[in-house]
Each structure stands twice: as structure tokens, then as C-alpha cells.
Amino acid sequence: MSQLVFVPGLLCTNAIFTKQFAAFEGLATCHTADTTNMTSVTQMAEKALDDITGNFALLGFSMGGYVALEILRLAPERVTGLALVSTSSRPDTDEKRAARQALIELSKIGKFKGVTPRLLPRFFSQAALQDEEKTAIVLKMGEQIGQQNFMSQQQAIMSRRDQRENLPSITQPSVVICGTEDVLTTPEESQESARLLPNSTLHLLEGIGHMSTLEAPEAVNQALLEWYKGL
């Protein structure tokens, strides 16, 4: 059975992919890449390459998309296909870096609470905010990842490279998925990645926020299964 590697986002565990694991049961051997205890996207990519033997298809969610693109930069011959979900190929702006650094400094003085209820509107659409089961998953993942990993993941995100110049060389079948209400990694960023990838399909999910794998699992899974079966 072929392999599919899932790379989670900032403050995310493999719980972000529960519905996707179920959809791929019997179709692929699924792995979750480790994104903890490392301070660079390159370290995360290298660990995934070391941990998994052979070739694999690759799915990156949010920060995981940055790692997925770095894996492709380092070892394109090992990747059979690419799925970018709620992510971007751009580096951080100076404004975003400053905001991340402020959050890191805040977490150092004992005020880190993972994803707080106040922050949830940046993760979900207004409609999904009413779903207590989905919002509880996000809150719990943040608690499990913890302060130290939050700081190291933010450092990795801030220092990531601009991957746009590498996208035209990625000829593997690709799918790009994003919610139209995503304010963290905007639809425009996904449209840009899809334009630069020479063999890609773009799916914009109407009315869906950043946590698309949780908020719209059926639509995400449909796009992913179509992509995967075509590899």
C-alpha cells in the first residue's frame, strides 16, 4: 500500500486529520510528521525524511504546508504528489514576524494559554464557531502542544524561506485547498500557489475558515481522494 504523510500546523496534533485518516483507511498507509521540539522548517522536513522510508504522497496543513514544500525542495524524488491545505508558499511579512515575536514574548511570562476562545474567530468561520465539538478540538490541541513547542514552531515559521521560486519545478500532481473565509492563510495565497504549480488543481471552499480539515471534512476529503486516486 502506498504511503501518505500528513504534516500538521501550528499548535496542531494529528487530531486535525482525524476525518482524513478515516477517509484514507484501506487506500494508504498514513503517517503524521513530527513538528515538535524543532526551531526550523528545514529541521522538520529533514526529520520527516529520516523517519519515513521510501516514497510517499504529502499533505501539509497550514504550517505543515511550509514543511511539505521544504521536503519537496530537499528530496523531490521521494514525493509522488502534493496537497497544500490552508497554507501559503510566501514567507512572513515584517508585520507578521513582529506579531509572532510579540506572542513568543508574551508566552515567556506565563500567559500562554494555547488557542484561547478569543482567538477562535481567526480559525473558524462564523458558522463553525457555534460547533462546540470542533472548537474544543482546537483548544485541546493547543494545550497538548504546549508553550515550548509554540515558541519553537513560531520561530520556525518566522524564519521559513520563500518557496514561490521552487513551485514551478514541482511537477508532481498537486491539489491546493483553502476556505474562502480563511483570514490566516488567505484564498489569494492559495490561488498564487496553484498558479505557480504546473500540475495543480485548486479548490476554494465557500464560507469555510482556516481549519478546513475540521470545518469541512467532506469537501476536503472529496478533493483529496480525487487527487490521490489520480497519482
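Each reported figure results from applying straightforward, stated rules to the coordinates on display, with no laboratory input. Given the structure is predicted, the values throughout are model-derived calculations rather than measurements. Note: ideal-geometry Cβ built from the backbone for every residue, glycine included; neighbour counts use all protein chains shown.
Below are the figures for this structure:
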item	result
Shape metrics for the stretch 80-219, restricted to C-alpha atoms - Rg then Dmax, Å	16.0, 46
Taking the chain and dividing mean pair separation by its residue count, relative contact order in percent (alpha carbons under 8 Å, at least six apart)	25 percent
Contact order relative to length of the stretch 45-91, as percent, for alpha carbon pairs under 8 angstrom and 6 or more apart	46 percent
Derived scalar couplings ³J(HN,Hα) [the stretch 195-209; Karplus, 6.51 cos²θ - 1.76 cosθ + 1.60; whole Hz; x for Gly, Pro]	5, 7, 7, x, 9, 10, 10, 9, 10, 9, 9, 5, x, 9, x
Expected 222 nm ellipticity per residue - DSSP helices of 4 or more, -39500 (n - 2.57), all of the chain, to 500	-13000 deg cm²/dmol
The stretch 1-71: GluC sites (Glu not before Pro) in DSSP loop, at most 15 other beta carbons within 10 Å	E25
In Hz, Karplus ³J(HN,Hα) per residue of the stretch 89-94 (6.51, -1.76, 1.60; θ = phi - 60°; x = Gly, Pro)	9, 7, x, 5, 7, 4
Under 30 Å from the Cα of K19 - lysines, other chains or at least 8 residues apart	K47, K113, K134, K140, K229
The stretch 107-231 - percent relative contact order, Cα under 8 Å, separation 6 or more	27 percent
GluC sites (Glu not before Pro) restricted to DSSP loop in the stretch 146-231 with at most 14 other C-beta within 10 Å	E165, E206
